[in-house]
Amino acid sequence: MSEAGSSAPPRAFVRTLLRSGTPAEPAEPAGDPGDLAAVGAATLARAARYWVVVPLAYRIAAFVKVFVGFTAANGRLGLGPVLGATLFAVVANTAAMLWVLRAGGLRARVTGRALGLDLAVGVALNFAVAATAPAVVQPFAVDVSWTWLVSGVAMWAGTSGLPSALWLLAAAVPLRAALTLAGGLPLTDRLAVTRSIGCMVALAVAIVLAVAILILLGVGTRFAVDIGLRRGREAERRRTRRIMHDSVLQTLEALAISAPGDDAQAVTRLAELRSVAKAEAAELRRRITEPVLAGSTRGFAVELADVATEMARDGLRTQLVAADFADDHKVSQDRRTALCEAVREALRNTVKHSGTKQVVLRVEKRDGGIAVVARDQGQGFDVRDRPPGFGISQSIVARLAEVGGHGTVDSQPGRGTRVTLWVPA
């Protein structure tokens with residue numbers, strides 16, 4: 001994976017956000033999947049689909065707030081246009097917000113048209129209120145409809161960047177003047193000037209807040225992707241180490257074991273070694289290239305039987321007890337796979353360390369999941385004096401912990417070993 005992409009300067013990423021807004025959504029990150037810039041942009045684009053929900057929700061609440069303030073200050077004077085604008089805004093923006101949520105967010109291909117339509121509706125609404133409200137309260141009435149443009153500019157800042165929002169802020173100055181004239185007031189009207197300045201300040205504050213949210217969203221997404229990639233690489237390294245331990249290392253150790261009659265039966269032993277090497281090579285290739293399966297139609301007891309059959313090549317006789325186990329396939333495939341791999345490692349430890357070639361394997365439902373208990377009557381060991389090796393700590397305990405399960409080893413010298421493995425349903 002590309003470390004250069006992972007160490008891209010955050011400031012450059014922030015500058016890009018401020019200049020262009022949230023990125024358009026690509027189908028898939030291009031290039032190296034470890035490139036943090038590409039993955040971060042794609043992730044941010046998907047998260048930004050829902051960006052407009054925040055300004056829409058603000059607009060609904062703000063319209064209600066300013067309407068209440070307007071009626072408290074002016075009573076019924078100019079109530080008709082303001083009430084109509086408020087009702088329209090609440091209904092229209094509620095419908096828009098529901099549509100965005102049901103559609104899975106605002107897609108990049110329609111963002112420009114949607115925001116353009118939203119801005120046009122806001123301008124038309126402001127002119128309608130400015131032209132119909134009584135002159136004495138017209139500046140206050142326009143303050144109410146101006147709420148639409150405040151959130152609209154915030155949307156543009158988030159999706160198109162700071163330059164677009166600043167252009168809209170500059171265009172709002174002549175627009176506010178035109179609204180004053182549309183209401184029959186002179187541009188020098190003191191109340192109109194005061195309220196116009198307040199409206200400009202509201203737009204500026206909206207831009208600042210939108211930019212701050214955009215930066216937090218972008219940087220937060222970047223760090224989250226960085227952490228996810230690092231954890232993914234570490235998980236892949238653990239998987240590789242397990243494959244090397246559970247297949248390559250185990251096979252090499254088995255091949256290195258001397259057996260009586262090696263010299264007298266050299267041809268036969270060579271054929272056996274080649275057969276083992278060929279089988280292990282095929283198994284290693286399968287584990288490296290196998291896709292992630294959504295599920296399996298085979299029963300878990302059957303999968304355990306396959307593991308027992310595989311271990312029989314090393315001379316281990318396994319008694320599988322599953323009479324009381326009802327396999328209803330409720331456990332996910334990744335947990336079933338982890339459990340089978342942990343069982344395989346436990347049986348290999350039995351072959352190498354127990355001094356016996358017999359083991360009892362019991363599978364049962366327990367505590368809302370599946371438990372497998374491997375018990376042998378071998379020589380055992382003192383678990384307090386012997387720290388767990390890689391096989392127990394990684395191939396058993398850590399592997400099960402990754403899928404929400406756990407594994408324990410109980411053993412005493414001369415009394416055998418019991419390994420208990422469990423995963424949740």
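The values are calculated or read from the model by the stated rules, or taken from the named source; none is laboratory data. Since the model is a prediction, treat every value here as computed from it, not as a measurement. All Cβ positions, even for glycine, are placed from backbone atoms using ideal geometry, and neighbour counts span all protein chains on display.
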Within region 83-136, how many residues turn out to be of a type in the set (D, E, K, R) and not in a helix (DSSP H, G or I)? 1
Return the pair list, or none, for Cβ contacts closer than 7 Å from residues in region 358-387 that are assigned to a loop (DSSP other than H, G, I, E, B) to residues that are among the basic types (Lys, Arg), at least 6 apart or on different chains. Gly380/Arg415
In this structure, is Val343 of a type in the set (A, V, I, L, M), part of a helix (DSSP H, G or I), touching a Lys or Arg at 6+ places or on another chain (Cβ under 8 Å) and within 25 Å of Ala401 (Cβ to Cβ)? no
Sole miss for Arg335 among (1) modelled with pLDDT under 80; (2) assigned by TED's automatic domain parsing to the domain that holds Arg366 is condition (1)
I'd like the full set of residues that are assigned to a helix (DSSP H, G or I) and over 43 Å from the mean Cα position of the chain (by Cα), limited to region 346-357. Ser354
Flagged in region 220-239 as crowded, with 16+ Cβ neighbours inside 10 Å and of a type in the set (A, V, I, L, M, F, W, C), in numbering order, are Val225, Leu229
Log entry, pairs with first residue in region 104-131 being in contact (Cβ under 8 Å) with a residue 12 or more places away in the chain, second being of a type in the set (Lys, Arg) and outside any helix (DSSP H, G or I), beta carbons closer than 7 Å, six or more apart or on different chains, reads Gly104/Arg49; Gly105/Arg49; Leu106/Arg49; Arg107/Arg49
